[in-house]
1. Quick one: would you say residue 8 is at pLDDT 95 or above, within 22 Å of the chain's Cα centre (by Cα) and within 22 Å of residue 257 (Cβ to Cβ)?
2. Going by the conditions given, is residue 23 in contact (Cβ under 8 Å) with a residue 24 or more places away in the chain, touching a strand residue (DSSP E or B) at 6+ places or on another chain (Cβ under 6 Å), assigned to a helix (DSSP H, G or I) and surrounded by fewer than 18 Cβ atoms within 10 Å (Cβ to Cβ)?
3. Restricting to segment 207-231, what's the tally of residues that are touching a strand residue (DSSP E or B) at 6+ places or on another chain (Cβ under 8 Å) and either over 22 Å from residue 168 (Cβ atoms) or without any contact (Cβ under 8 Å) to a residue 24 or more places away in the chain (or both)?
4. Output yes when any residue across segment 183-195 is surrounded by fewer than 18 Cβ atoms within 10 Å (Cβ to Cβ), over 20 Å from the mean Cα position of the chain (by Cα) and without any contact (Cβ under 8 Å) to a residue 12 or more places away in the chain, and no when none is.
5. If you check every pair at least six apart or on different chains, which have Cβ atoms under 8 Å apart with a residue in segment 232-255 that is at positive phi and part of a loop (DSSP other than H, G, I, E, B) first and a residue that is modelled with pLDDT under 80 and surrounded by fewer than 16 Cβ atoms within 10 Å (Cβ to Cβ) second?
6. From the set of residues in segment 134-147 that are in contact with a helix residue (DSSP H, G or I) (Cβ under 6 Å, 6 or more places away or on another chain) and modelled with pLDDT of 95 or more, which is nearest to residue 12 (Cα to Cα)?
């Protein structure tokens, strides 16, 4: 029996989404298609893992009435979880799809100030769990030290587990100094880490090789939006193009990629097949509107398409 994949979300959100014909300043904007979902990187990963019928366990910080709402939404989503209570209130984010232009407006608050005993409580709880994989995903809330994911990486390695990390900036840099199994920055996040302009594909691949060679990460997956993704390992560079789709919302696509690839790795798929599963899950999520995530049938469809070689190249 496979162990549950543990996820950590230090800055979750109650995600609301809706549609409006037109977003116009001063005027009252009437909205339709309102929905509410539990959000934040690790929680989104757990939701997609559930969709893939994998065992997940979400650990998250939450406080105030919005934290109680988040609890209810996580329960409704069928995600097994543990809440670490915090003093301040969980943030509430908003996504508005403008029908007249096809544009999406995303409003993301900075979130609560976290106390030391709160973030440490989350790390201590994970220390007690049984796992092979831990996925830490999302930005750091105020008050959390930049090396928190590095501390988590050290703890996971002591337990013989593998840390999958999706974050950016100093938190990512500190974790790579400690060493993680897999990291998934976007192209912009990776460019910031390396201090280079990586718009040229050759420059991106060279920087990815350099990062893996430095020894801080075994699998480096860099998502490129509609241009697909690049995977760097010690064996070389692999590229996958995204299947052609009509995108409805990019919310949660990166989290879905992480969930898909981690799921594949945890089930013993080879790295390239797991990478394709990640791209498939990310692609499936852009088909859904607002804060809804992917459907298993779409993930499987795109995975078959990618494995057939219709959208892949490798070097």
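1. Details: at pLDDT 95 or above: yes; within 22 Å of the chain's Cα centre (by Cα): yes; within 22 Å of residue 257 (Cβ to Cβ): yes.
Judged against the criteria, residue 8 is a match.
2. Details: in contact (Cβ under 8 Å) with a residue 24 or more places away in the chain: yes; touching a strand residue (DSSP E or B) at 6+ places or on another chain (Cβ under 6 Å): yes; assigned to a helix (DSSP H, G or I): no; surrounded by fewer than 18 Cβ atoms within 10 Å (Cβ to Cβ): yes.
The answer is no for residue 23.
3. 1
4. Checking segment 183-195: at least one residue is surrounded by fewer than 18 Cβ atoms within 10 Å (Cβ to Cβ), over 20 Å from the mean Cα position of the chain (by Cα) and without any contact (Cβ under 8 Å) to a residue 12 or more places away in the chain.
5. none
6. Looking at residues that are in contact with a helix residue (DSSP H, G or I) (Cβ under 6 Å, 6 or more places away or on another chain) and modelled with pLDDT of 95 or more, I get 136.
Conditions (1) touching a helix residue (DSSP H, G or I) at 6+ places or on another chain (Cβ under 8 Å); (2) modelled with pLDDT under 95, marked per residue:
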| site | (1), (2) |
| --- | --- |
| 36 | yes, yes |
| 58 | yes, no |
| 67 | no, no |
| 76 | no, yes |
| 91 | yes, no |
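Residue-by-condition table, conditions (1) crowded, with 20+ Cβ neighbours inside 10 Å; (2) under 19 Å from the mean Cα position of the chain (by Cα):
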| position | (1), (2) |
| --- | --- |
| 162 | yes, yes |
| 173 | no, yes |
| 181 | no, yes |
| 201 | no, no |
| 210 | no, no |
| 223 | yes, yes |
| 227 | no, yes |
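The values are calculated or read from the model by the stated rules, or taken from the named source; none is laboratory data. These numbers were taken from a predicted model, which means no experiment stands behind them. Positions of Cβ are backbone-derived with ideal geometry, glycine not excepted, and every protein chain shown enters the neighbour counts.
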